[in-house]
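The values are calculated or read from the model by the stated rules, or taken from the named source; none is laboratory data. For clarity, every value in this text was computed on a predicted model and none was experimentally measured. Note that we place each Cβ from the backbone using ideal geometry, even for glycine, and neighbour counts take in every protein chain shown. Side chains included, ligands, DNA and RNA excluded: accessible areas come from the protein's heavy atoms. Shrake-Rupley method; radii C 1.70, N 1.55, O 1.52, S 1.80 Å.
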Amino acid sequence: MITVSNLYKNYGKLEVLKNIQLNIAKGEVVSIAGASGAGKTTLLQIMGTIGNPDKGKVFINNIDVFSLRGKTLANFRNKHIGFVFQFHNLLAEFTAVENICIPAFIANERQSKAEKRAKEILSFLNLEERANHKPSQLSGGEQQRVAIARALINNPDVILADEPSGNLDSKNRDEIHKLFFKLRDTFGQTIVIVTHDKNLAETADRKIIMSDGKIIDNKT
C-alpha cells in the first residue's frame, strides 16, 4: 500500500531523513517509534503529502504521489489519506457531525450523504448520542474519537496518526489503541502510527524504530 524509496529531507544543514526505504502492506498496523528528533513526524508528514522530500519517492497504492500537483494532489490526499493528530483539531463552533463531515464537503459530497455516513461512523464508535455536541461538551477521549471519525469519513486507504493517544489518560489511551485495530479489522485500512507509547508500539503488527533520521530496526 505504501512504498517509500530513497527519501531524504533537510532543514538547512540539518539532515532530518537520510535514505529512508520502507514498504507497508495493505491492512498493516505499523508503529514508528524513536526518540524526539529522530524524524518520525517528518516521515509521516511526507507519506501524507503534507510535507515534501528533498529527494526520493512515495507511492500509495502504486501512485507516485509527488508526481501529482496542486488540486490533483489535494484531491488525492482528501480521498485516500486520513489524518489523526495528538490534539484533535476540532472546530469549536461545529458539532461532532459537522466536524466529521468537513473532509466529505471538501470532496463535494452531498450534505445528506455526508451526514448519514458521519452518523454511521459515530454509531460504530459508540458516540451516536454525541452527534450534536460541540467539542467543549465532549471528554478528551470522545474528542479524539470524533477526530478519528473525521479521518474515516471519505473511507481512505491509509490512516496516518501522530501521537494519537499522547494527550489522553490511561483509560482513554487504551480504548484508542484498541480502536485502531478494530478499524483495521472492520474497514481494512492501512494504519501508520507515530508514538512514544511503548504498549501501542509493541502491539502493532510491525514496529519501526528511527534514530537520527534513519530506520534502525524494522521488525514484526
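Each residue, residue 26 and residue 113, gets one label point 7 Å from its Cα in the Cβ direction; the gap between the two is 2.3 nm.
For the pair residue 8 and residue 93, label points projected 7 Å from Cα toward Cβ lie 4.6 nm apart. With a 1.4 Å probe rolled over the protein heavy atoms of all chains, the accessible area of 66, 180 falls in the order 66, 180, largest first.
Between residue 105 and residue 206, what's the calculated FRET efficiency when r is the beta-carbon distance and R0 is 30 Å? Round to 0.05. Efficiency, rounded to the nearest 0.05: 0.30. Which of rounded, prolate or oblate describes segment 89-135 when judged by the alpha-carbon gyration tensor and an a/c cut-off of 1.5? Oblate is the answer for segment 89-135, as a/c is 1.5 or above yet b/c matches or exceeds a/b.
In the chain, the longest principal axis of the Cα atoms and the axis of helix 96-106 are about 60 degrees apart. Tell me whether segment 134-200 comes out rounded, prolate or oblate; compute the Cα gyration tensor, take square roots of the eigenvalues as a ≥ b ≥ c, and use a/c under 1.5 as the rounded threshold. Judged from the Cα gyration tensor, segment 134-200 comes out oblate (a/c at least 1.5, b/c at or above a/b).
Computed packing ranks the peptides 51-64, 131-144 as 131-144, 51-64, most packed first, by mean other Cβ atoms within 10 Å. Inter-label distance, residue 19 to residue 55: 1.0 nm, where each label sits 7 Å from its Cα along the C-beta direction. Please quote Rg/Rh for segment 1-109 to two decimal places, taking the Kirkwood radius as Rh and restricting both calculations to Cα atoms. That ratio equals 0.99. Around the Cα centre of the chain, unit charges on the Cβ atoms of Lys, Arg, Asp and Glu (plus for the first two, minus for the last two) sum to a dipole of about 540 debye.
Stretched out straight at 0.36 nm per residue, the stretch from residue 217 to residue 134 would grow longer than its current Cα-Cα span by 25.7 nm. Which of the chymotrypsin sites (Phe, Trp or Tyr not before Pro) across segment 72-156 are loop residues per DSSP, with 14 or fewer other Cβ within 10 Å? Answer by residue number: 87, 94. Computed over the alpha-carbon atoms, segment 71-220 gives an Rg to Rh ratio of 0.98, Rh here being the Kirkwood radius from the mean inverse distance.
Segment 114-185 and segment 1-72 have their alpha-carbon centroids 25 Å apart. Heavy-atom accessible area, probed at 1.4 angstrom with all protein chains present, ranks 67, 165 as 67, 165, highest first. Only DSSP H runs of four or more residues enter the estimate; each adds -39500 (n - 2.57), and after division by the residues of the chain the mean residue ellipticity at 222 nm equals -11500 deg cm²/dmol. Rolling a 1.4 Å probe across all protein chains gives residue 190 an accessible area of roughly 0 Å².
Positive-end ranking of 68, 154, 48 along the dipole of segment 33-166, with charges on Cβ about the Cα centre, is headed by 68.
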